[in-house]
Each structure stands twice: as structure tokens, then as C-alpha cells.
1. How many percent of the alpha carbon pairs in segment 224-302 exceed a separation of 22 Å?
2. Post the alpha-carbon centroid distance, segment 335-394 to segment 70-110, in whole angstrom.
3. Nearest 20 debye, what's the magnitude of the dipole of segment 224-302 about its Cα centre given +1 on Lys and Arg Cβ and -1 on Asp and Glu Cβ?
4. Which whole-number percentage describes the relative contact order of the chain, with Cα contacts under 8 Å and a sequence gap of 6 or more?
5. Cβ under 10 Å from I10's Cβ, I10 left aside: what net charge do those residues give with Lys, Arg +1 and Asp, Glu -1?
6. Can you grab the distance from the C-alpha centre of segment 158-226 to the C-alpha centre of segment 248-289, Å, no decimals?
7. Sort R149, R39 so the one with the fewest other Cβ atoms within 10 Å of its own Cβ comes first.
8. Among (1) 31, 26, 23; (2) 42, 24, 22; (3) 45, 21, 19, which is the computed semi-axes √(5λ) of the Cα gyration tensor in Å?
Amino acid sequence: MATELAYAAITPYSLLKSRTGGIIGRLLALSGTELVGARLFLPSDSFVNEYMEIIGKQEVEEPLKSALLAYLDEYFRTGNKLGISNRVLVLLLEGKNAIESVKAAVGSLSDPQASANSVRGTYGDLITESTGEVRHFEPAVFVGTDKERIREELMLFSRYAQSDGGVLEHKVKQRAGNAETTLVILKPDNFKPGSSRPGNIIDMFSRTGLMIVAARMLRLSVSAAEEFYGPLQAIFREKLKKGVADRVREMLSKNFDFPITAEMVNATADLLKDANARHEFYRIVQYMTGRDPYVATPEERAAPGIERCLALLYRGPNAVQKIRDSLGSTNPQEAAPGTVRSVYGNDLMRNGAHASDSTENAERERKIIGMWTNESPSEFELLIDKHVKKQGVL
């Protein structure tokens, strides 16, 4: 069976109510697909009009089709019914039979409670009058219903990816106050098949009350990872020197019969600390990229990595510190109970997520990974275009 590309568009109301993590967790755990793309949109009227036209072609019975179209018209526009930000997070999910698998994970539109563990069973609502008229409707997410419509919808997302989507920190409406933007990267080991961990971690970050203002799936190249984590080498030289000294003392004491002095240990540790720091640094680069920097060719160093991460921008007052507090100490064993790293961290490297430690570092890191301004074309567009062309549409 050929690999398919499906999508799920999380609604503005779901984003407002911090249901994003829960929805992502359900989708990944229930659909058996891989999360391969993500982009935040603030749909323009032309985007909404075209999307409504495609949705109108779907084979959905009344009054649900009218309810879907009315929902798009009332909630996806800038001046929407609730006066909330019209953020829409579009997720791209890949796998065999992905379209049907994602639909099953999302659940029934006409009876959200038919499958209580589905996305709509938990986060969707449909209340009708005795006459059949829809009184209240919240679909939680929009998904494609058939291959032909999905092709049209994916092409629509690709066309509007630059004008309506991407890094939206200065376009998303926020309450008055001194807002700052910080970067979070969910690390590769969160993305094991069928794992809901990415969604669970996002749900924990949602408790900060900050708003997501950008999202992208990231495959760091070796070169980008070396630049991103470059400052760690200097830190490792001194921070890890004691550990090097302890190992040197133990090794020398076992292999020589004469007394090993502190001067001998320190001199040897000084000789080894640079090589040790470089080795630990390269371990992180390999973990984040899936490529061994010791043997990678120049072409491989510049190419996108094998491992996937999810990068998110959060914005709001005191965003850097709020995210760092929610994340917890670098060492999971020392992280406060209830923090991301205390729950999902394994060690100093596999500790759940990275978060910028200052606004200055957030700027530096965002520029390295392409989340300072909108890159054109984005990997989101390239992924869609690749799949659509492969299916013979373009």
C-alpha cells in the first residue's frame, strides 16, 4: 500500500482552549501515522472562501455540511464570531492508508460521542434540536474526507503557506503587556511510532498560558546542529573536567603501582578535557540529526538530518522563564516534580525538550533553524508539493 499524506487542521477554538497537545496526542496514538509537517495559519478571507468551496464539495449530509461551512465562515476569519485569534494549526501526517486512519482517529462528525476516545469524542460537540437543526457545533479539527478533496486542500495550504502562515508572533492578537517569544524543540526520541508524548509535552507547556505563534517539523543538518549547540563545547570543557579527572585518577591508580598525585591527575585531565568536550558535543549533534559528525561527508553535513523534531514558538509575558520553569532542570534526576523533564527525561541529552534560556539566545537559535522570518519555500510547502506531484496532480 502506497504512503499517503493526510492532514488535520486544529480549529481556532481548540487552540484557544489549549487542546492542541491533547489533539496531537490522540492523532499520533490512534492513527499510526507520523507527524511530518506543521504550520500555523492566520487565514485570510480569500483562504477561507477557497477552503469553504472545497469543503462544499465533500459528501457530507445536511445539516452537517451547512454547519461545517457556517463554522468556517464564523470562526476561521479575522473578525470572527468570538473575537478570538483565528489561528489554525495544520498538521501533515504520513503513513500507509493515512487518510482513513486519520479520519478514524478524529472520529465521527455526526456523532462525536460514538467513539469516546477519538479526537471529536473528547474535544468535539454537536447539539441538535428535536427538529434536527444544529444548535451548537465544534468539530475540534478539520480533515479531508477523500483523496481528491485532500489533494485540493493540501494545494490550498501550500499556496497560502507564505501569505497566511509561518512565523506569526507579531500578527497574533495578544493582551496588553510586554510579550516575548521563546523557542521550544521537542527532541527526536519523543517521536516513536504510536507515541502520544509530543502531544502530552505540549499539553504541559500549555499550562503556562502562553500562545503558540509558530510551528514546524524540523530536520536539523549536522552543520546547523553544530552551530546551534556550539556554545556547549566551552561549557563542557570546564563543567565536565571533574568527571574526566575522576576517570583519569581511577584509570591511573589501577594501572600503575606508584602513587598518583593530584598534579598528575589535573595535568592529564587538562590534556583530555578538550577531546572529551568535543566527544560529548558530537554525541548531541548525532542524537539531534541522526548522522555521525565524525564521518559525515560535506554533502551529508549540509543535508537535512534523519531525525525529526517539532519546533514551536511560544509568546507572552515572561515567556522564557515560564517555559523554563515548566521544562525543569537539564538533569531529569534534579528536575522538579511535574515538570516536562521530570516526567519524560531520561538523561542529560534525552531530556524531553530544549528551550531557549534568554531572549538573546532565542533569537540566535531561531535564526539558525529558520524560525526568525518565513523561509520561502518552506519545508511544509515542499513536502506537500512532493506528495501532490507524486500523485500526478501537478
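Quick note: the coordinates plus some simple rules give every number you see, no bench work behind them. All figures in this text were calculated on a predicted structure; none of them were measured in a lab. No Cβ is skipped: glycine too gets one built from the backbone with ideal geometry, and neighbour counts run over all protein chains shown.
1. Roughly 38 percent, rounded to a whole number.
2. 22 Å
3. 220 debye
4. So the answer I get is 22 percent.
5. +2
6. Here the two parts' Cα centres lie 38 Å apart.
7. The order, fewest Cβ neighbours first, is R149, R39.
8. (3)
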